[in-house]
Amino acid sequence: MTVVGLGPMGSKMAETFLGAGFDVAVWNRTASKTEPLVARGARHAASAADGDLLVISQIGYQAMYDSLGEARLDGKVLVNLSSGTPEELRAAARWVAGRGGTLITAGIMVPPPGIGQPGAYSFYSGPKDVLDRHAATLESLGGITYVGADEGLAMMYYQSLLLIFWSSLTSQMHAMAMLRTAGVSPLEFLPFVRETFTQLGGDGVMGFATILAEEFAAGTYPGELNSLDMQLAGIGHVVHALREAGVESTVPDALRRLFERAAAEGRGHEGLGTVIESIRKP
Ligand code: NDP
């Protein structure tokens, strides 16, 4: 196979394939980045389109167009693990098909050191029979989670999890910054953060992620025990607390305004989950 794109991710992918005993060719826009991999046994690819299986990891999909240029792709399989928008991925699949190739899209859920390690996995979308033919190779990078034929889906799953990742960790940053102003060390607070993340992902009365998914699936958001109105007042206090502490409050205030809109739309008596109905209609 040929690994196209040798940033931190692509380089580690090429290294992992080499370690698994595959015949690996490498290509990168800045050619000098191929050298460490060639020193470990990779071949120089003659071009980005040189190979039957192209494993691509670049900054975005424009880089793939720039790298492949006018090349024909007859019979080739391109597995692109770069970030983009779902629409970009769908358009890329049509572009590749127009040149005779097949595109499998993917979103890889680990940073470079995690590639090929236990627990690593990627979301894949596109034609399943083509993915299956290359599963034994791609499994070197981590588990294969196939999410459907629609080429945009792998990225939508990937981005959905990034959204949770970024917003959860940014909330932790706000919390740690506020507590620090009262002299609380982040490590003193850490056990409570860990416990909260564990509970959120669990089952039972504190398993809020499960409750939210079930409520959204059912389309009902019972709020007798903890209404959105109550939580809107609560998040208002949090925003004021952040301001009192003299730390940044823009993001929490944006959340507060979102809650406020859901309440203004007449659903303040429902539970927090009802906010998703406002998210669905910007
Ligand atoms: P970058 O996102 O910085 O991508 C670097 C690579 O893109 C280099 O090979 C660079 O070539 C190439 N590139 C950029 N522009 C062009 C262009 N116009 N034409 C050709 N090649 C181009 O590095 P990463 O390796 O960190 O990320 C790769 C992908 O993996 C990204 O889409 C990222 O979102 C995703 N990802 C990254 C993770 C991470 O932790 N790093 C984790 C999960 C996913 P050159 O060397 O010539 O500049």
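Side notes on the structure shown:
- Within the range 200-218, being assigned to a helix (DSSP H, G or I) and either free of Cβ contacts under 8 Å to residues at least 24 places away in the same chain or touching a Phe, Trp or Tyr at 6+ places or on another chain (Cβ under 6 Å) (or both) holds for Leu200, Gly201, Phe208, Ala209, Thr210, Ala213, Glu214, Glu215, Ala217, Ala218.
- Subset of the range 64-98 [under 23 Å from Phe22 (Cβ atoms) and within 11 Å of the ligand (Cβ to nearest atom)]: Met64, Ser67, Leu68, Asn80, Leu81, Ser82
- Counting only helices (runs of 4 or more DSSP H) that sit wholly inside the range 99-199, those with at least 3 residues that are away from the ligand (no atom under 15 Å from the Cβ), outside the structural domain of Asp23 (by TED's automatic domain parsing) and surrounded by 14 or more Cβ atoms within 10 Å (Cβ to Cβ) are 153-181.
- Options Phe22, Phe17: the member that is out of contact with any Phe, Trp or Tyr (no Cβ under 8 Å at 6 or more places or on another chain), part of a loop (DSSP other than H, G, I, E, B), within 19 Å of Ile144 (Cβ to Cβ) and of a type outside the set (Ser, Thr, Tyr): Phe22
- For Tyr221, the conditions (1) touching a residue at least 24 places away in the same chain (Cβ under 8 Å); (2) out of contact with any helix residue (DSSP H, G or I) (no Cβ under 6 Å at 6 or more places or on another chain) are fulfilled apart from (2).
- Hey, Ser11 hydroxyl-bearing (Ser, Thr, Tyr), part of a helix (DSSP H, G or I) and assigned by TED's automatic domain parsing to the domain that holds Leu103 or not: yes
- Inter-residue pairs, beta-carbon under 6 Å, first at pLDDT 95 or above and in the range 45-63, second surrounded by fewer than 16 Cβ atoms within 10 Å (Cβ to Cβ), 6+ apart: Ala49/Ala71
- Members of the range 96-129 that are in contact (Cβ under 8 Å) with a residue 24 or more places away in the chain, more than 24 Å from Ser160 (Cβ to Cβ), touching a strand residue (DSSP E or B) at 6+ places or on another chain (Cβ under 8 Å) and not hydroxyl-bearing (Ser, Thr, Tyr): Gly101
- Residue list for the range 234-282, filter: small (Gly, Ala, Ser), outside any loop (DSSP other than H, G, I, E, B) and under 22 Å from Met173 (Cα atoms): Gly234, Gly236, Ala241, Ala245, Ala254
- So Ser57, is it within 14 Å of the ligand (Cβ to nearest atom), under 27 Å from Leu161 (Cβ atoms) and small (Gly, Ala, Ser): yes
- Top-ranked residue in the range 72-87 [being free of Cβ contacts under 8 Å to residues at least 40 places away in the same chain and surrounded by 14 or more Cβ atoms within 10 Å (Cβ to Cβ); ranked as nearest to Pro127 (Cα to Cα)]: Leu78
The values are calculated or read from the model by the stated rules, or taken from the named source; none is laboratory data. Note that the structure is a prediction, hence the values are computed from the model and not measured. Counting neighbours? That spans all protein chains shown, and the Cβs are built from the backbone with ideal geometry, glycine included.
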